[in-house]
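Enquirer: Have a look at this one.
The values are calculated or read from the model by the stated rules, or taken from the named source; none is laboratory data. As the structure is a computational prediction, the values presented were derived from the model and not from experiment. Glycine gets a Cβ as well: all are built from the backbone with ideal geometry, and neighbour counts include every protein chain shown.
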């Protein structure tokens, strides 16, 4: 194995080296046009992205968080309503539910896929439930066939949180086209990342799309005529042209991510103490993260304390191998949600996963040498930790 320098968890400079000239030319054209907010660049990207996802409508906005807010607002979800989601996700997934005045209800996860355990979904539905928000975490689709069956049986809206899963498919259908609304983030670390913030909402319902377009422009139905209290949430033209360029490469980059994930799994699937992520039959993931679970003999009830995973991560860092922890504390036990009344042990799969997850370096351009260094470095750390224990 040849040695390379430090292995970062993500390196965007290689992507820029590949398409930087193309991006610079497009940005320069926008700058020269003077059309910086809205305009043809944004409309073009919205149409391209709608075609890519396989829907009739796409509404650009300024972040993935705002995409979720716009979706919930357009579906008329607010105070007194409940929205079911997962406790194992970025905070925005629950934050937006609270932000529109509704209450998040958390359903435990499948520890092998990290996604919502659909077997537990129906038991969480009450007369106050208005929507389900599945999160396709780390680029792995939720079982949308079963989820949609449950949602349709109870007449519930489905808002897909696709922030980490652009291009992923369930049963050959892209996520973001299966539920009533799909919400995407173009934060730079995403598979389709802007050079700044950006987001989009997709749907096949023109009325929902029209509502979101009005909401993102301060709630105005015509210039200076306001129907609702809205937001200033616009995708700017510079980000739109960058995203249009990157969209042409997305399938290639996602295929490269799948190749990298296969290599990790091949080398790590038989390593004692390591659980590799599982992809459901019918799913085509895009591996925004490659996240393993590290298991030790320790029993550590305090989710926020140091643990076996954290000690391994520290050793990796000392050896120049980057990694990330997504996420160290599940949402139902976050301080801000203490009032919801969830107790430790109530959602055991999510709580255990938060003690064990470690995301290894993952980006389309990562070299095999870098992956091998991460793999063998992890094995060495595990061997040393086992000896210490």
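Enquirer: Consider residue 239 against the criteria (1) under 30 Å from residue 16 (Cβ atoms); (2) crowded, with 16+ Cβ neighbours inside 10 Å; (3) without any contact (Cβ under 8 Å) to a residue 24 or more places away in the chain: it satisfies all of them except one. Which criterion is unmet?
Expert: Condition not satisfied by residue 239: (3).
Enquirer: Let me ask you something else. Of the conditions (1) over 16 Å from residue 64 (Cα atoms); (2) out of contact with any strand residue (DSSP E or B) (no Cβ under 7 Å at 6 or more places or on another chain), residue 230 satisfies every one except a single condition; which number is it?
Expert: In the conditions (1) over 16 Å from residue 64 (Cα atoms); (2) out of contact with any strand residue (DSSP E or B) (no Cβ under 7 Å at 6 or more places or on another chain), residue 230 misses (2) alone.
Enquirer: Conditions first: (1) over 19 Å from residue 346 (Cβ atoms); (2) surrounded by fewer than 21 Cβ atoms within 10 Å (Cβ to Cβ); (3) within 16 Å of the chain's Cα centre (by Cα). Residue 163 passes all but one, so which condition is the exception?
Expert: So the condition that residue 163 fails would be (2).
Enquirer: State all residues of segment 49-81 that are closer than 25 Å to residue 120 by Cβ and surrounded by fewer than 20 Cβ atoms within 10 Å (Cβ to Cβ); if no residue qualifies, say none.
Expert: 80, 81
Enquirer: Taking the condition out of contact with any helix residue (DSSP H, G or I) (no Cβ under 6 Å at 6 or more places or on another chain), outside the structural domain of residue 332 (by TED's automatic domain parsing) and either at pLDDT 95 or above or closer than 19 Å to residue 180 by Cβ (or both), does residue 111 pass?
Expert: It is false that residue 111 is out of contact with any helix residue (DSSP H, G or I) (no Cβ under 6 Å at 6 or more places or on another chain), outside the structural domain of residue 332 (by TED's automatic domain parsing) and either at pLDDT 95 or above or closer than 19 Å to residue 180 by Cβ (or both).
Enquirer: Picking from 353, 325, 336, which residue would you name as being surrounded by 19 or more Cβ atoms within 10 Å (Cβ to Cβ) and modelled with pLDDT of 95 or more?
Expert: 353
Results for (1) assigned to a helix (DSSP H, G or I); (2) modelled with pLDDT under 95; (3) surrounded by fewer than 22 Cβ atoms within 10 Å (Cβ to Cβ), shown as yes or no for each residue.
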{"residue": "317", "(1), (2), (3)": "yes, no, yes"}
{"residue": "365", "(1), (2), (3)": "no, no, yes"}
{"residue": "374", "(1), (2), (3)": "yes, no, no"}
{"residue": "382", "(1), (2), (3)": "yes, yes, yes"}
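Enquirer: Checking the structure you have, find out if any residue of segment 205-220 is modelled with pLDDT of 95 or more and in a strand (DSSP E or B).
Expert: yes
Enquirer: Considering each residue of segment 185-227, count those that are farther than 27 Å from residue 33 by Cα and out of contact with any strand residue (DSSP E or B) (no Cβ under 9 Å at 6 or more places or on another chain), and give that number.
Expert: Qualifying residue count, segment 185-227: 5.
Enquirer: Next question, about the same structure. Residue check, residue 92 against (1) in contact (Cβ under 8 Å) with a residue 60 or more places away in the chain; (2) out of contact with any helix residue (DSSP H, G or I) (no Cβ under 6 Å at 6 or more places or on another chain); (3) over 25 Å from residue 245 (Cβ atoms); (4) surrounded by fewer than 24 Cβ atoms within 10 Å (Cβ to Cβ), all met but one. Which one?
Expert: Against the list (1) in contact (Cβ under 8 Å) with a residue 60 or more places away in the chain; (2) out of contact with any helix residue (DSSP H, G or I) (no Cβ under 6 Å at 6 or more places or on another chain); (3) over 25 Å from residue 245 (Cβ atoms); (4) surrounded by fewer than 24 Cβ atoms within 10 Å (Cβ to Cβ), residue 92 comes up short only on (2).
Enquirer: Where residues in segment 7-36 are within 26 Å of the chain's Cα centre (by Cα) and exposed (fewer than 12 other Cβ atoms within 10 Å of the Cβ), which of them is nearest to residue 376 (Cα to Cα)?
Expert: Step by step, filter segment 7-36, then rank; the result is 13.
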